[in-house]
Structure formats: C-alpha cells, structure tokens
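Asker: Please find one structure pasted underneath; my questions will follow.
The values are calculated or read from the model by the stated rules, or taken from the named source; none is laboratory data. Since the model is a prediction, treat every value here as computed from it, not as a measurement. Neighbour counts are summed over all protein chains in view; Cβ atoms, including those assigned to glycine, are modelled from backbone coordinates with ideal geometry.
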Amino acid sequence: MRLDKLLEQEKIGSKRKVKALIRSKQVTVDGQVIIVENQNVDAALQEIFVGNQKIQQATHVYYMLNKPAGVVSAVSDSEHQTVIDLIDKNHRRKGLYPIGRLDRDTEGLLLITDNGQLGYQLLLPHKKVTKRYEVVVNERLTEADCEAFKKGIIFTGGKKCKPAELTIISAQENQSRAYLDITEGKFHQVKKMFLAVGKKVIYLKRLSMGPISLDETLAVGHYRSLNQDELQALLPYFTTHKKEKSVDHEI
Ligand code: URA
C-alpha cells in the first residue's frame, strides 16, 4: 500500500497533513527517512514510524493450507465443501481467496489470503513461479519420460508446455512416484502432461509454490499463518511493476 494512503487510513491525519509529515522527514520505514509519498510499504513486514509513533496497520492475512482431497479450491460452491470452509470463522476475512486452484482430488499446499495483489503477482505467467508436485502414476516412469518433460510436453490437441523437470523417486511396473517442477498453471496441467506420455496420475500433492514450501508438520486439512521468513520470501511478489496492470492495488 502507498505510504500516504496507509497513514491516512491509520488516521494519522488528513491528506494534507500526511503529505506535510512525509515532506518534513518525520516518517521512517525500517529506520530510513522516506520522503516519497507514494512509496509502496507494508506495515506487516516493515517498521513504520511517524515521529515516535509506530504504525500498526490492520494487515492482510496469509495462510498456508494443507488441502485435503474432496474439497474444492473456490470461495463458495453449492455442492462441495470449499477451502474457505476449512478456515476457522474467527480467521476469515472479507475477500479471502485461494491463490490458484488445485483439483478437488489434489492435496497439498494452497496459499489463502485477502491480498489480491499477491495472488495476481504469483500467477502472472511471465513470473514463471515454480510449483513442485509429488505425483504417483499407474505405470513405470522412465528416463525417456524425463527427457520428454524437459523438451516440453505437447498435449493431445497440440498445446505445448514449457520445459518441466521430472525427478523419478521410484519406478515399478504398475506404480511410480516422482517430483515434477513446472512453471505454468494450465488447467489440469500435471494430469494432462502425464497423459501425454501415456500415464495416469493416481495421486497428486503440491509441495511448493515459489519460495513457499508445505510445512511437513501441517496435518492434512489444517492451516497456519505464514511466518515472517515466509512473508519476507514473498516480498518480490508484493510489488507491482509499471507495465503490470494490477487487479487490486491493496498491499
Ligand atoms: N495439475 C493438475 O492436473 N491438477 C492440479 O490440481 C494441479 C496441477
């Protein structure tokens, strides 16, 4: 959020007063005097003072959910339980939504927030955010499959995927386990990639998204707030660059 907007929102003063405070060098961010009124700041991640008054913004919430199978990645659904239903009523906020979608039968990491900007940035195709999945398929995976993923899988129908990294953990005649790292988010992407090499996904779990890895101690169906280290790691995705039109300027 812009520094001047934050100070207005936190009732430090009128627009004019806030401008005057910033220009007269009374505002610091992480100990540094800031005179740029529209600088993007985040009171959850930075220490902001006006004189000796610390600004405690009513901040956004950021949760990591270990999504169970059977639950849909949506805000509301007439038929199925949603990932938002798994969030305790006391922790729910207006505008809470999951960043990206996992299929109903997929488990694992899902970030949930009320910060529209973060989701927008993490899902921008050119940011090429890596998502790691653990996959179990119904056939033997081979080095030829790894090569095909590296070259770029072509879906039935001709759509080409970006190069992906397949790491085989175990391979047997009727079941194999692997990690797959992809940098896109096409609909049913992982399942379709494996179908393109003639294998059916029988279990799928997301392990990481960009710098955030699923907390192994988080039981399936449980969630927790992101910690300070995780929020710091996400900092590059809180920024809007000039050419990136934002859907939501709230930071
Ligand atoms: N790819 C899929 O096929 N399903 C998911 O849930 C996520 C990625």
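Asker: Quickly run through segment 10-30 and pick out the residues that are under 34 Å from the mean Cα position of the chain (by Cα) and surrounded by 15 or more Cβ atoms within 10 Å (Cβ to Cβ).
Answerer: Passing the criteria: GLU10, ILE12, VAL18, LYS19, ILE22, VAL27, THR28, VAL29.
Asker: Taking segment 1-41, which residues are basic (Lys, Arg) and on the phi > 0 side of the Ramachandran plot?
Answerer: Taking segment 1-41 first, the residues basic (Lys, Arg) are 2, 5, 11, 15-17, 19, 23, 25.
Once the filter is applied, which keeps residues that are basic (Lys, Arg) and on the phi > 0 side of the Ramachandran plot, segment 1-41 yields LYS11, LYS25.
Asker: Could you grab me the full set of residues in segment 46-67 that are closer than 28 Å to LEU214 by Cα, surrounded by 17 or more Cβ atoms within 10 Å (Cβ to Cβ) and not polar (S, T, N, Q)?
Answerer: Correct list: HIS60, VAL61, TYR62, TYR63, MET64, LEU65, LYS67.
Asker: Please list, ordered by residue number, the strands (runs of 3 or more DSSP E) wholly in segment 1-100 having 3 or more residues that are under 19 Å from ASN227 (Cα atoms) and modelled with pLDDT of 95 or more. Lay out the reasoning, then the answer.
Answerer: On the way: elements: 27-29, 48-50, 62-67.
Because the criterion is at least 3 residues that are under 19 Å from ASN227 (Cα atoms) and modelled with pLDDT of 95 or more, the strands (runs of 3 or more DSSP E) in segment 1-100 that meet it are 62-67.
Asker: Pairs only if they're at least six apart or on different chains, beta carbon under 6 angstrom, first in segment 201-215 and part of a loop (DSSP other than H, G, I, E, B), second within 11 Å of the ligand (Cβ to nearest atom) and hydrophobic (A, V, I, L, M, F, W, C); list them, first residue then second.
Answerer: Close Cβ pairs (under 6 Å, with a partner that is within 11 Å of the ligand (Cβ to nearest atom) and hydrophobic (A, V, I, L, M, F, W, C)) amount to LEU214/LEU109.
Asker: Same structure again: Considering only residues that are of a type outside the set (D, E, K, R), assigned to a loop (DSSP other than H, G, I, E, B) and under 23 Å from ILE212 (Cβ atoms), which ones fall in segment 139-192? Break it down into steps so the answer makes sense when it comes.
Answerer: Start the filter on segment 139-192 by keeping residues that are of a type outside the set (D, E, K, R), which leaves 141-142, 144, 146, 148-149, 152-158, 161, 163-164, 166-172, 174-176, 178-180, 182-183, 185, 187-190.
Filter once more, keeping what is assigned to a loop (DSSP other than H, G, I, E, B): 141-142, 152-153, 155-158, 161, 163-164, 174, 183, 185, 187-188.
Scanning segment 139-192 gives CYS161, PRO163, ALA164, THR183, GLY185, PHE187, HIS188.
Asker: Could you figure out which of (1) within 30 Å of ARG140 (Cα to Cα); (2) assigned by TED's automatic domain parsing to the domain that holds ASN90 isn't true of LEU234?
Answerer: Unmet for LEU234, out of (1) within 30 Å of ARG140 (Cα to Cα); (2) assigned by TED's automatic domain parsing to the domain that holds ASN90: (1).
Asker: Could I ask something else about it? Taking segment 101-118 as the search range and keeping residues that are surrounded by fewer than 21 Cβ atoms within 10 Å (Cβ to Cβ) and part of a loop (DSSP other than H, G, I, E, B), which one is nearest to the ligand (Cβ to nearest atom)?
Answerer: Out of the qualifying residues, it is ASP103.
Asker: Can you tell me which condition GLY70 does not meet? The list is (1) in contact with a Ser or Thr (Cβ under 9 Å, 6 or more places away or on another chain); (2) among the small types (Gly, Ala, Ser); (3) within 16 Å of the ligand (Cβ to nearest atom), and all the others hold.
Answerer: Every condition holds for GLY70 apart from (1).
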